[in-house]
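S.K.: First, the structure itself, so that you have it in front of you.
Each value in this text was obtained by applying a stated rule to the coordinates, not by laboratory testing. What you see is a predicted model, and the numbers here were worked out from it, not measured in a lab. Virtual Cβ from ideal backbone geometry, glycine too; neighbours counted across all protein chains shown.
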Amino acid sequence: MMTEQQHNTAVLEVSVEEKGVTPMSPTLLNDTSPTLISFPSDINDFQPKLDFRYDIQVHVDNPQKIIEPLETYITYRVTTKVNRTDYPHKEYVIRRRYNDFVWLRQNTATEYPDRIVPPLPAKHTILGQLDRYSKEFVSCRMVLLERFLSRVVCHPILTEDKHLRIFLTANATEFAMYKKRGAGLLRRMSNSLNTISVSYNSRQVDFEFDPIRSHLQGLSEKLTMLEKVAQRIHKERKELCVESHQLGAAFIEWSSNEQSVSVALSRIGHTINANSSALRQYLISNFICDWAQPLKDYVNYIECVRETLGKRDSLQIQYEQSLMELEKKKADKDKVANDEKPLMSFWSKSETDKEEQMEKMSQVIPKLVSIVETNQERLDACSDVFRQEYGLWKCQKKTDFKNMLTALAESHIQYYQHCATSWDLVFKRMATE
């Protein structure tokens, strides 16, 4: 069993190539690593609140900075506890870098094109222009990577994916070989869908899926607006924190010049400073993990849902185009069949051409009927899958939003309780003196 100290190990700077880890009981993976860098030990304090499946759980922590001659990157420890027959061991501890997570998502999206595959954090812009080796960037990415894995293993279909099993269990050497072997196939299969021209508009009014599109668009806009407003409030709080410290220092300095009320002024000054520190501790320091990061993550998640719906829309467009082609051929056949016989001397030749056209159309139309039926079956199947996926996503969204808002409320409660307690203590002391 890993201790709390092991979970909270700092980021390591390693000058050797990453070593593979075979299935084992969790141990401190960095005992033999050469040097520590100056990352705070609380980098693993950012814990997502997620509901796990009973038979598999994942945890991402212990980021390490790897320095190689041609590149520098961060790896993360991925611990998996599993109780399934297709997993030989109960627990796996491996290390993966960000590009490995990208590989997993690409393969999962290719394997299940009609499923909503959760998003990954952006490559370099999670927190604006922050250094990608800074504490804020690494800790935020670590939380998002764990959230991605947790969503995948909780999904009733994606959790059975063979690529996921390899990702969670293979050591570094095995994983590198597996990635190399599947790279060519992934490139050939990528972007195989969505080949329909986006300039084509569906002829049918979609009473079922149009409201979903509108909801996703509106939700994305509202979350983006909330994130912008929250960023402004966050900036103002940081300014308030600085000014509060200045105000507290002014009261303390004033107390040295007013002997009759020196104690009261000093207590007020120190209380202002303490509340300013509480503001930073409960609201400012938690802003990224409790509010900004979850909002951005959900905007990305909405885009994944819209992308999946777009694939279903492509199948509808393909179906409608084939249906239009069938209707056109039938109309052409009726037109040829209903043409009056010409009264010219070349009547026999024209009649022969007409028969040939009718024969060709009689051969083409059944093929088009078969294509239309196939496209309709594919569309119906994809629509059914999307309904299931959207239902799962709505349940996940409800849980995630509840956790997000609860964390936000708790941080405010803690801050205001601290402030109320501090001022109440000052008033009581002043009343008794």
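S.K.: Modelled label-to-label distance, residue 339 and residue 231, 7 Å Cα→beta-carbon offset: nm?
M.R.: 6.5 nm
S.K.: Once fully extended, how much extra length lies between residue 84 and residue 369, figured as 0.36 nm per residue of separation less the alpha-carbon to alpha-carbon distance?
M.R.: That pair, residue 84 and residue 369, stretches by 98.0 nm at full extension.
S.K.: Another question, then. Would you grab the residues whose amide H sits under 5 Å from the one on residue 66? Only those 5+ places off in sequence or on another chain, please, with H modelled 1.01 Å from N.
M.R.: HN-HN under 5 Å from residue 66: 14, 73, 74, 75.
S.K.: Return the distance in nm (one decimal) between the two label points of a simple spin-label model at residue 354 and residue 432, each offset 7 Å from Cα along Cα→Cβ.
M.R.: For residue 354 paired with residue 432, the spin-label model returns 11.3 nm.
S.K.: Can you work out the Karplus-derived ³J(HN,Hα) for every residue in region 393-400? Use 6.51 cos²θ - 1.76 cosθ + 1.60 with θ = phi - 60°, whole Hz, and x for glycine or proline.
M.R.: Per-residue couplings from phi come out as 5, 5, 5, 5, 4, 4, 5, 5 Hz.
S.K.: Taking the dipole about the Cα centre of region 354-433, with the C-beta of Lys and Arg at +1 and of Asp and Glu at -1, give me whichever of 385, 411, 395 is farthest to the positive side.
M.R.: Final value for the positive-end residue is 411.
S.K.: Sticking with this structure for a sec: Would you mind estimating how fast region 196-329 diffuses translationally, via Stokes-Einstein at 25 °C and 0.890 mPa s with the Kirkwood radius over Cα pairs, in µm²/s?
M.R.: On the way: Rh = 19.8 Å.
The Stokes-Einstein estimate is 124 µm²/s.
S.K.: Hey, another quick one. Could you give me the ³J(HN,Hα) list for region 415-420, computed from phi with Karplus coefficients 6.51, -1.76, 1.60 and θ = phi - 60°, whole Hz, x at Gly and Pro?
M.R.: Once θ is set to phi - 60°, the couplings for region 415-420 become 5, 6, 5, 4, 5, 4 Hz.
S.K.: For a 18 Å ceiling on Cα separation, which of these pairs sit above it: 90/180; 228/397; 328/360; 81/180?
M.R.: Long pairs (Cα-Cα over 18 Å): 90/180; 228/397; 81/180.
S.K.: With the calculation restricted to Cα positions, what are the radius of gyration and Dmax of region 294-433 in angstrom?
M.R.: Cα radius of gyration and Dmax of region 294-433 are 34.3, 126 Å respectively.
S.K.: Quote the FRET efficiency, to the nearest 0.05, computed for residue 285 versus residue 254 with a Förster distance R0 of 35 Å and r equal to the Cβ-Cβ distance.
M.R.: Result of the calculation: an efficiency of 0.75.
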